[in-house]
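Below is one structure, written out as C-alpha cells; the observations come after it.
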Amino acid sequence: MQPQIAFCSRCRGMRVGWNQRYVLHSLRCRQWRRHSSRLFGLMFLTVVVFLAFPQPSKTVDSVDEATALPEQEAIVQNKVVQVSGPVVRSIEAFLTAHKIPGADLKRLAQAIVAGAKKHDLDPRLIASVVIVESRGNPFAISGKDAIGVMQIHLPTWGQTADQEGINLLKVEDNVDLGARILKNYIINFGLWEGVKRYNGFFVDDPVSEGSAQEYVAKVQCIYEFRS
C-alpha cells in the first residue's frame, strides 16, 4: 500500500501520518489552517503532542519548599547564640571579686548574661543570686532538695524541668530556668519582694520570713558591691 502524500507550497511534499514534518506542517502552515474543517484537527493534534511528551515530574530527591521551610525555621530557632563582649567580662570579674571558685567562670558568666538578656534582667542581679545560692557550684544540692547554681527547688519546679527537657545540672539550663522564675516573681511582686519569693518562705512564720529577709539583704549587699 502506497503511503499518502500531502503537498504544501511551504513544506513541500510529505508523508501523511505521525511524523515530525507532517505534525509541524499541521501546526504552523497557514495554507493548512485556512480550511475550517481542519482547524479541529489542529487542536486535536496539539493535545496529542502535549500528552505524548509530558513535562518531566519532580525527581525523588527534590525538596518541596513548603516541606523545607519548617525545617529551616527549626534550625534558626535552635541556633545557639554565643554571648561575649564586655558584659561577659564584667560579670566574670564580678564573680572573681567574690572569690567564686571554678575552672570555667567564663562559661558561668556567659550563661548569666544570656539568661539576663533572654528574660530582661540585670546580669549583676542574677550573678548575685548565684553567689548567695551556690557560690557557682553546678552540682550543689541543698537539704531542701534545691539543685544547681541557682538552686532550683525540685518539689516546685522539677516537673517543669522534666516536661521541658531541662538538665538542672547543666549551668546554662539551670541559669535560664532560674532567671525565668526570678523574672516572674519580680513582675508580680516587685524587685526585692520578688527576690524574697525566689528564696521562698512560709507566710505568717516569723522565723521563715526572717530568714528570707536575711537572704534578700545578702543579695542586695552583693548586687550593690562596687570594687
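None of the figures in this text is laboratory data; all of them are computed from the coordinates on show. Bear in mind that the values here come from a model prediction, so they are computed numbers and not experimental data. Cβ placement follows ideal geometry from the backbone for every residue including glycine, while neighbour counts extend to all protein chains displayed.
Key figures for this structure:
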read-out: Proximal charge balance of LYS170 [Cβ under 12 Å; K/R count +1, D/E count -1]; value: -2
read-out: Efficiency of FRET between ALA103 and LYS144 - r from beta-carbon atoms, R0 25 angstrom, step 0.05; value: 0.35
read-out: Estimated FRET transfer efficiency (PHE202, GLN159; beta-carbon r; R0 22 Å; 0.05); value: 0.55
read-out: Approximate spin-label separation PHE189-ALA217, in nm, with each point projected 7 Å along Cα-to-Cβ; value: 1.8
